[in-house]
Amino acid sequence: MLSGATPRRRPLFATIRKPVVFVKSILFCDSILQIHSWTGPSVLDLNLLLVFEAILLHQNVTAAAAHNGLTQSAMSNALGRLRRHFDDPLFVKTRNGMLPTPRALELARPLMQALSLVRSTAHRDKGFDPQQSKRTFRFHMTDIGEMVFLPPLVKRLDEMGATVKLETAQLASAEIAERLESGEIDFAAGYLPSLSKSVEHAPLFHETYVCMTRRSHPMPTRSSSTSLHIPTSQAAAT
């Protein structure tokens, strides 16, 4: 499956149930994020991290609200709290959606790392049970990948009675490794030649292509044609 620097699309959802994560607060101390249990003017409600994450992912307030199970007005109010806390618009409305400001892009990695830490801590020492988990799994896939991988995966999850949620998005090749490392996506499937050796990966299958022509076409015959190397489709995860 060939993968390139494809334009961003609104993610495709294969939803079974929405995840719900309850967190408390986070204290910003210079560049260090510290989990804290008291309230005060410098403390950020960790639930706002879910708001930041959803808007960053969807670049649309309505879609982000649906993602978090909130009303649009509640999502707008939460975005307002984020803007006041960081004294920055964070996301600006354009014809291409709610695009992050330079300050939002600067905050994205530490905030997503903090949220990933909270999630991993909450699920630590608990065996994964797809029938109980409310986790959202995020995949990088091309549109062809969605056609090939999603139907059997969703069917299997449905047969298991799984309560997890799947989301897919198409990312530029240069972004995949970084998104895997930051925890913004969990898996990537396709032709992934740019991934570093630190990313765990495994071949899924080898693709073959067939070229069909009319009998009188001037292309070389099968016996004299040059073989083409077809890359292996892979699944990668951190």
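Values quoted throughout were computed directly from the atomic coordinates according to the rules given, and no laboratory measurement underlies them. Since the structure is predicted, the reported quantities are computational estimates derived from the model, not experimental observations. Cβ atoms come from the backbone with ideal geometry, glycine included; neighbour counts cover every protein chain shown.
Working from label points 7 Å from Cα in the Cα-to-Cβ sense, the Arg135 to Ser116 distance is 1.4 nm. I need the calculated FRET efficiency for the pair Thr208 and Ser76, taking r as the beta carbon distance and R₀ as 41 Å, to the nearest 0.05. Taking R0 as 41 Å, the efficiency between Thr208 and Ser76 is 0.25. In a fully extended conformation the segment linking Glu200 and Lys93 would gain 34.8 nm over its present Cα-Cα distance, using 0.36 nm per residue. Under the simplified labelling scheme, the Glu178-Ala108 pair shows an inter-label distance of 0.7 nm, with each label point 7 Å from Cα along Cα→Cβ.
Which of the three applies to region 96-173, rounded, prolate or oblate, going by the alpha-carbon gyration tensor with a ≥ b ≥ c and a/c under 1.5 meaning rounded? All intermediate terms of the calculation are to be shown ahead of the outcome.
Values: a/c = 3.04, a/b = 1.23, b/c = 2.46.
Oblate shape, in that a/c is at least 1.5 and b/c is the bigger or equal ratio.
In this simple spin-label model, placing a label point 7 Å from the Cα along the Cα-to-Cβ direction at both Val43 and Met160 gives a separation of 3.8 nm.
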